[in-house]
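> Let me give you the structure first, and then I'll get to my questions.
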Amino acid sequence: MMPTLQQHQSQLLTQFRALQQVETHDVIAGFPLRSIRAFWVFLKCASKVADYLRFQFNADGMLVRGMNGAHSTFFCATFTKNFFSEYSFKRSVEGCKISVRALMAAVRCASSASGALDVYFVPDMSKAIFQVSVHAENGLSKRFNLFFEECEVVDPKVDDNVAACSFSCSGRKLFSIFEDTGLGAELEICVNGDVLKMISHHDDETDHGRASVELTQANFTNFQSNENSQITAALGSMELRNLLSISNGSAHSIDTQVYVTILDSNRPVLVKIQPEDVPGMSLNVVVATFDVHGVNSCLTLISLPALILHPLLIQPVVLTIFEFLLCMDLQIASPEDN
């Protein structure tokens, strides 16, 4: 008697779970339905910023890094063991560079499924394949083999021991503040004592090209700044707004608490996005600031040396503003574009 489809799918699921005993697999990460939906929301936000994601697996969990094409916004999402239903670890997996669009295609069917669901990530370094397997109680069983490129793990080195200003509030509230300032490409954050002002700059230089919101301590869960401090930090706002859209208030958004640290006028802005109802998940963002006093706004790359990779070298190097603009004019391909 031939087995039914559901019996066959059940056998496949049993066989796949048995892979945890196979020595050739360094890591097997299993997602419950709640976590895979949260991961899908993260993927949608990340896809608006980066074309590729770099995966790293260690004994503590999974890290997913990415940056925008201008190398001015870097993010690292951390998923600890609490995020997964199963996490089998034998050996660290470093630097799997995967197209975010390809990964979204594999995860999309899982995020919309109903009922019990098992989703597994299995990186195979020997074959350069990142396997995504989906098994649902309704008989759905799919396996995607995504080819990845091995890459160096990139992390910006930012000294955050001394902060000029820091504040926190809900992610939904901060996202709405960004929306209130309009859709300008640049955001200027001005701190004057206990008053914080956000000014959004649009393409034109007229008054119609500016929108501002003035905030006080009452607008935040926590607000701290140095006494009599006067700081102006300007940054590209589009990428940060896209990452904050994880809490945009839509049906599938995630409730988060956001912690913002402003180090100085010419140093990066640090943002930590902490989901409130998704255990084991956090998102850290580093945003380069601009020189607001120059004729043309220029990235203060010296504050983010690890974000700039010379096309011909593996190790990070610091480029001067002139060298960076020269590379941009010549359109030299960077590792992120390969």
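> Please identify every one of the trypsin sites (Lys or Arg not before Pro) in region 127-176 that sits in a loop by DSSP and has no more than 12 other beta carbons within 10 Å of its own beta carbon.
Sites meeting the loop and neighbour criteria: Lys127, Lys157.
> On a 23 Å Cα-Cα criterion, which of the cross-link pairs Lys127/Lys157; Lys48/Lys81; Lys90/Lys272; Lys157/Lys272; Lys44/Lys272; Lys97/Lys173 come out too long? List each step's numbers first, then the result.
On the way: Lys127/Lys157 32 Å; Lys48/Lys81 27 Å; Lys90/Lys272 30 Å; Lys157/Lys272 16 Å; Lys44/Lys272 18 Å; Lys97/Lys173 33 Å.
Going by Cα-Cα distance, Lys127/Lys157; Lys48/Lys81; Lys90/Lys272; Lys97/Lys173 fall outside the 23 Å limit.
> Which length gain, in nm to one decimal place, applies between Asp51 and Ser92 when the Cα-Cα distance is subtracted from 0.36 nm times their residue separation?
12.4 nm
> Can you tell me how much longer the chain between Ile129 and Ala218 gets when fully stretched, taken as 0.36 nm per residue apart minus their C-alpha distance, in nm with one decimal?
Going from the current span to full extension adds 27.0 nm.
> Oh, and also: What whole number of Å gives the distance from the Cα centroid of region 29-69 to the Cα centroid of region 262-278?
With region 262-278 and region 29-69 each reduced to a Cα centre, they are spaced 18 Å.
> Further question: By average Cβ neighbour count within 10 Å, what is the ranking of 99-106, 160-167 from highest down?
Highest to lowest by the protection proxy: 99-106, 160-167.
All of the numbers you see were taken from the coordinates with simple rules; none came from a lab. Every value quoted in this text rests on a predicted model; they were computed, and no experiment measured them. We place every Cβ from the backbone using ideal geometry, glycine too, and count neighbours over all the protein chains shown.
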